[in-house]
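The values are calculated or read from the model by the stated rules, or taken from the named source; none is laboratory data. A quick note: this is a predicted structure, and the numbers were derived from the prediction, not measured. A quick note on method: Cβ atoms are made from the backbone with ideal geometry, for glycine too, and the neighbour counts reach across all protein chains shown. All accessible areas refer to the heavy atoms of the entire protein, side chains included, with ligands and DNA or RNA removed. Shrake-Rupley method; radii C 1.70, N 1.55, O 1.52, S 1.80 Å.
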Amino acid sequence: MNLPPLIQSFVLHFGEMGSRWGINRTVGQIYALLYVSPEPLCADEIVEALGISRSNVSMSLRELQAWNLVLLRHLPDDRRDFFTTPDDVWQILRTLAEERKKREVDPTLSVLREILMQQPGSEKERYAQQRMAQMHGLIEQLTNWYDDVKRLETERLANLLSLGSKISRLLETKDRIVSLGRRSKAKASGSQPADIPPGDGEPDGGATR
């Protein structure tokens with residue numbers, strides 16, 4: 001590679017990670033090179049930087065375009081095609097998530113739906129369908145959550161991700177507020193909420209003084 005050591009380390013690592021994500025190692029390296037390049041690069045410049053064949057670069061660029069991860073650019077007085085990545089890293093993240101959902105999650109959901117619509121022919125198949133129904137429900141719930149989250153503005157999405165464990169505390173606070181609301185309604189009506197055991201919250205267990 002004809003790259004500074006710092007950039008070469010990043011490009012090599014991204015190539016290795018890319019192969020684990022299901023993309024060609026060269027595709028990962030080219031994407032990493034374009035990501036850190038201050039200006040768009042043409043195929044010849046990528047060949048020179050990475051030391052790979054022109055045909056390999058061309059195929060990899062087509063794959064990155066299919067993933068919507070690179071943008072085509074034209075420079076004045078230059079007939080060659082130049083490539084770059086989106087400036088907004090959040091846009092890159094959204095694109096990666098959407099493309100992986102289309103290629104990995106959606107086909108799995110389709111197969112599960114087809115199988116669950118079939119009539120089981122034995123007790124083993126009935127049990128297997130029950131297990132697959134649980135998997136289908138979980139994946140569908142996660143997909144619906146993803147569909148809601150991807151509509152958020154970037155600033156809101158960044159704030160959501162920065163909350164971390166604070167979300168758990170927020171949910172706990174919500175549960176306490178709901179519980180207090182039920183208690184207040186129960187006291188006003190003179191009845192006991194179904195989910196609160198008799199005497200819960202009383203200093204002496206609710207015994208008559």
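Below is a table of values for the structure above.
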read-out	value
Count - residues of the stretch 64-82 that are more than 28 Å from the chain's Cα centre (by Cα) and in a loop (DSSP other than H, G, I, E, B)	8
Residue in the stretch 92-99 that is open to solvent by 40 Å² or more (accessible area, probe 1.4 Å), free of Cβ contacts under 8 Å to residues at least 40 places away in the same chain and in a helix (DSSP H, G or I) present	yes
Number of the exception - Gly18 against (1) open to solvent by less than 10 Å² (accessible area, probe 1.4 Å); (2) over 29 Å from Arg156 (Cα atoms)	(2)
Selection from the stretch 48-57 of residues that are over 28 Å from the mean Cα position of the chain (by Cα) and in a helix (DSSP H, G or I)	Glu48, Ala49, Leu50, Arg54, Ser55, Asn56
Filter result for the condition that a residue is farther than 30 Å from Leu152 by Cα, among the polar types (S, T, N, Q), within 28 Å of the chain's Cα centre (by Cα) and buried (at least 17 other Cβ atoms within 10 Å of the Cβ), over Thr85, Thr26	Thr26
